[in-house]
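Here the structure comes first, spelled out in structure tokens, and everything after it is commentary.
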Amino acid sequence: MKAHRPDKRLERAEWCSRARSMAKRGQELPQTKLLDLDIISIRSAAKQRENLRKHIRENLSNDALAKQYGVHVRTIEKCLAYETGSHIP
């Protein structure tokens, strides 16, 4: 099978197999709203958000605080609801 015609155009089968790789993507498209750096920044922020959620879940949740202070989770909940230690601001 010939890859190119004499006029430098691709044969149909060759074009069909390479069409996806030749298609415009991302910033090459005129309707693009986000730059490549914007996408990298968004993905980085989402990763930071997930890391913060993990930190909060492991260190700052009511369960984590209860384990840290050696008390029941309900004791932590009472402290936060001012049912215990209501005299402390």
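In table form, for the structure just shown:
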{"read-out": "Test: Thr84 is assigned to a loop (DSSP other than H, G, I, E, B), polar (S, T, N, Q) and at pLDDT 90 or above", "value": "yes"}
{"read-out": "Qualifying positions in the range 30-76 - modelled with pLDDT under 95, in a loop (DSSP other than H, G, I, E, B) and surrounded by 10 or more Cβ atoms within 10 Å (Cβ to Cβ)", "value": "Thr32, Leu34, Leu35"}
{"read-out": "Cβ pairs under 8 Å, 6+ apart, first in the range 60-89 and free of Cβ contacts under 8 Å to residues at least 24 places away in the same chain and among the hydroxyl-bearing types (Ser, Thr, Tyr), second assigned to a loop (DSSP other than H, G, I, E, B) and surrounded by 13 or more Cβ atoms within 10 Å (Cβ to Cβ)", "value": "Thr75/Thr84"}
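The values are calculated or read from the model by the stated rules, or taken from the named source; none is laboratory data. Quick caveat: nothing in here was measured; it's all calculated off a predicted structure. Ideal geometry is used to build each Cβ from the backbone, glycine not excepted, and the neighbour counts take in all protein chains shown.
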